[in-house]
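The values are calculated or read from the model by the stated rules, or taken from the named source; none is laboratory data. Worth saying up front: this structure is predicted, and the values here are computed from it rather than measured. Cβ atoms come from the backbone with ideal geometry, glycine included; neighbour counts cover every protein chain shown.
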Amino acid sequence: MKREILIAEHAGACYGVNRALEIAQDNAVSAEVPLYTLGPLIHNPQVVSQLEAKGIRAVETPEEADPPATLIIRSHGVPPEVIERARGCGLDIVDATCPYVSKAQHAAAKLAGEGRLVIVVGEKGHPEVEGIVGHAGDNALIVASAAELPATLPEKVGVVVQTTQAHATFDAVVADLKARVRDLSVADTICLATQERQKAAAALADTVDAMVVVGGRNSGNTRRLHEICRAHCGRAFHVETADEVQPSWFEDCRRIGVTAGASTPAAQIDEVVARIRACGERV
């Protein structure tokens, strides 16, 4: 059976991810002291392993890095107090926080400075969300959906959103708040790359027999792409590497779509496409 493999118009590594990788690689070339990242630089286990092979090791806390050393702040950002702790440990800081994440952090700080309860729409425990909350201070609340909003809210509320959230989720939270809050300030901090990838994935999934989503399982934006694809296509699969692709997924499929999360380099997408093509040759 002749098969067509289509790649979503917008897929793969975004500006913030490519910027973080360039920063890390440039520092590795000129490093005179050990180089660390605070947590995984991006949510892609394969890329993190490649960085480690170049001498860039991930640590979970600043205290794990032995000075003199350079600590790269990952693309997801961190709370301000973590930066202060790192400096207190005698570490040099290189900030690779995605500019869109920085925008969300600054928005949270501004809303908190206005005396508002800051509601952050996002995943509890996600490093980006933790960083945004850290900039909002003590008066912040994380919700994953409108259903998690408290029954009682103060007069002044501000809302920001994790950069990789689905707009439908954010819009539902804002609609609920508008109906109940007297003084509401809304900061839409979903990045353009996220919106483009989600729209392109949905559009492609509507036209194919199967979808394959490439990216780390620890990547929130990749998981959301998979959810979107499942809603638009009867067969949708999430893989980290080409080795996970199974020929049985594509039985009776003439058109197969591929998309990838914002932490997925083009080379990984190419490997998955080659594997899908090889599966067709065996039929």
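Table for the structure above
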| item | result |
| --- | --- |
| Any hit, the range 214-226, residues being surrounded by fewer than 18 Cβ atoms within 10 Å (Cβ to Cβ), not assigned by TED's automatic domain parsing to the domain that holds residue 142 and not aromatic (Phe, Trp, Tyr) | yes |
| Selection count where residues are more than 19 Å from the chain's Cα centre (by Cα), under 18 Å from residue 161 (Cα atoms) and not assigned by TED's automatic domain parsing to the domain that holds residue 169, scope the range 65-120 | 0 |
| Subset tally (residues that are closer than 15 Å to residue 220 by Cα and of a type in the set (Val, Ile, Thr)) for the range 145-176 | 4 |
| Residue in the range 120-162 that is surrounded by the most Cβ atoms within 10 Å (Cβ to Cβ), counting only those that are modelled with pLDDT of 95 or more and among the polar types (S, T, N, Q) | 162 |
| Residue tally, condition outside any loop (DSSP other than H, G, I, E, B) and either surrounded by 15 or more Cβ atoms within 10 Å (Cβ to Cβ) or touching a Leu at 6+ places or on another chain (Cβ under 8 Å) (or both), over the range 1-24 | 11 |
| Members of the range 83-102 that are touching a strand residue (DSSP E or B) at 6+ places or on another chain (Cβ under 9 Å) and not acidic (Asp, Glu) | 83, 86, 87, 89, 91, 93, 94, 96, 97, 102 |
| Residue tally, condition under 25 Å from residue 202 (Cα atoms) and under 22 Å from the mean Cα position of the chain (by Cα), over the range 145-166 | 9 |
| Residue check, residue 115 touching a residue at least 40 places away in the same chain (Cβ under 8 Å), crowded, with 16+ Cβ neighbours inside 10 Å and at positive phi | no |
| Some residue of the range 214-222 being more than 21 Å from the chain's Cα centre (by Cα) and either of a type in the set (S, T, N, Q) or closer than 20 Å to residue 237 by Cα (or both) | no |
| The range 49-82: number of residues that are touching a strand residue (DSSP E or B) at 6+ places or on another chain (Cβ under 8 Å) and within 17 Å of residue 98 (Cα to Cα) | 6 |
| Per-region count, the range 50-97, residues assigned to a strand (DSSP E or B) and free of Cβ contacts under 8 Å to residues at least 12 places away in the same chain | 0 |
| The range 129-155 residues that are touching a residue at least 40 places away in the same chain (Cβ under 8 Å), paired with ones that are surrounded by fewer than 19 Cβ atoms within 10 Å (Cβ to Cβ) and not aromatic (Phe, Trp, Tyr) (beta carbon under 7 Å, 6 or more apart) | 130/79; 131/79; 134/79; 134/80; 134/81; 135/79; 135/80; 135/109 |
| Qualifying position, being more than 20 Å from residue 116 (Cα to Cα), in contact (Cβ under 8 Å) with a residue 24 or more places away in the chain and exposed (fewer than 14 other Cβ atoms within 10 Å of the Cβ), among 207, 194 | 207 |
